[in-house]
Amino acid sequence: MVDYDATLNPATTIMFCKIHEQHFRTLIFQNDGTVIKTNQTPNALIKQLIAPHSDLGGIIIDGIIYHLYDVHHSGTRQLPIMGKDFLIFPAIGTSRHQGCWVFLNKYPIRKEDKSHFTIDVPEHNFELHLKANEKAFQSNKKLAYRCYGVAQAILPYHFTVKLPAHYETTLSNAELSKILRAIGTFRIIKILKEVFGMSLREIKRVIK
């Protein structure tokens with residue numbers, strides 16, 4: 001099916017992948033088995049999805065990564081996309097600008113064997129099979145759940161996806177303060193790099 005005005009609907013979209021096929025740029029897999037081709041890029045579709053609620057997930061992700069791993073993520077790290085009623089993780093690819101993205105907010109994913117994963121859609125008696133690097137797939141899925149758990153602990157009314165119980169998170173006041181400080185620091189670093197062209201070494205001297 002071709003749809004030039006396609007959107008990502010968290011209630012019906014299972015997965016979307018970047019393609020280069022004539023003028024088409026994205027394949028969207030729906031929970032009724034429909035596969036949509038569109039000329040819109042994955043990045044454009046993601047921006048449309050995030051726009052109504054503002055990208056709070058994108059704003060706080062640096063602080064969450066710092067809280068979980070004590071590092072500032074690199075530009076190519078495969079970070080999840082978090083919204084009010086959706087959680088998306090990169091299953092294939094090296095950045096937000098390529099590869100394949102899977103929604104985690106509705107359908108569980110089971111491992112069939114090494115590098116073979118299945119998404120069950122019981123209401124339509126449908127399965128979606130995905131081949132992916134096992135280590136990257138499992139690592140990115142775990143990271144998505146962990147990040148969303150922290151985001152939900154900070155803003156429970158904005159992040160409402162039901163998580164597996166062991167990813168539900170509570171934060172102490174000290175942990176919340178650490179996250180908020182990190183958000184501010186990393187946003188300053190981003191401005192100094194992108195707007196003023198400063199290197200990380202120069203920035204460290206300034207904000208030490």
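Things to note:
- Sorting the segments 36-42, 115-121 by their mean number of nearby beta carbons within 10 angstrom, highest to lowest, gives 36-42, 115-121.
- Partners for Lys162 among lysines (Cα-Cα distance below 21 Å; same-chain residues under 8 apart left out): Lys84, Lys106, Lys111, Lys141, Lys142
- Probe 1.4 Å, protein heavy atoms only - accessible area per residue of the chain in square angstrom: 55
- The largest accessible area among Phe126, Phe16 belongs to the first residue in Phe126, Phe16, and the rest follow in falling order (1.4 Å probe, all chains).
- Rounded Å value of the spacing that divides the Cα centres of segment 18-71 and segment 147-166: 19
- Taking the helices alone, the chain has a mean residue ellipticity at 222 nm of -11500 deg cm²/dmol, built from -39,500 (n - 2.57) per DSSP H run of at least 4 residues and averaged over all its residues.
- A dipole drawn for the chain from +1 and -1 charges on Cβ atoms has a positive end, and of Phe117, Leu200, Leu130 the residue lying farthest that way is Leu200.
- Sequentially through segment 2-9, phi angles give Karplus couplings (6.51, -1.76, 1.60; θ = phi - 60°) of 9, 9, 6, 10, 4, 9, 9, 9 Hz, Gly and Pro residues having no value and appearing as x.
- Spacing of the modelled spin labels on Ser139 and Arg110, each 7 Å from Cα toward Cβ, amounts to 2.7 nm.
- Look at (i) 55, 41, 35; (ii) 108, 36, 21; (iii) 66, 35, 27: the one that is Cα extents along the principal axes in Å derived from this structure is (i).
- Label-point gap, in nm, between Asn39 and Ala51 - each point 7 angstrom along Cα→Cβ: 1.7
- Net lengthening on full extension, Asn125/Lys178 (0.36 nm per residue, minus Cα-Cα): 14.5 nm
- Rounded to the nearest 20 debye, dipole of the chain from Cβ charges on Lys, Arg, Asp, Glu: 1000
- Across all Cα pairs in segment 94-151, the calculated P(r) in 10 Å bins from zero up to the longest distance comes to 19, 52, 27, 2 percent per bin.
- Taking 4.7 Å between beta carbons as the limit, the unpaired Cys residues of the chain are Cys147.
The values are calculated or read from the model by the stated rules, or taken from the named source; none is laboratory data. Remember, predicted model here, so these are calculated numbers, not experimental data. A quick note on method: Cβ atoms are made from the backbone with ideal geometry, for glycine too, and the neighbour counts reach across all protein chains shown. Areas reflect the complete protein model, heavy atoms only, side chains present, ligands, DNA and RNA absent. Shrake-Rupley method; radii C 1.70, N 1.55, O 1.52, S 1.80 Å.
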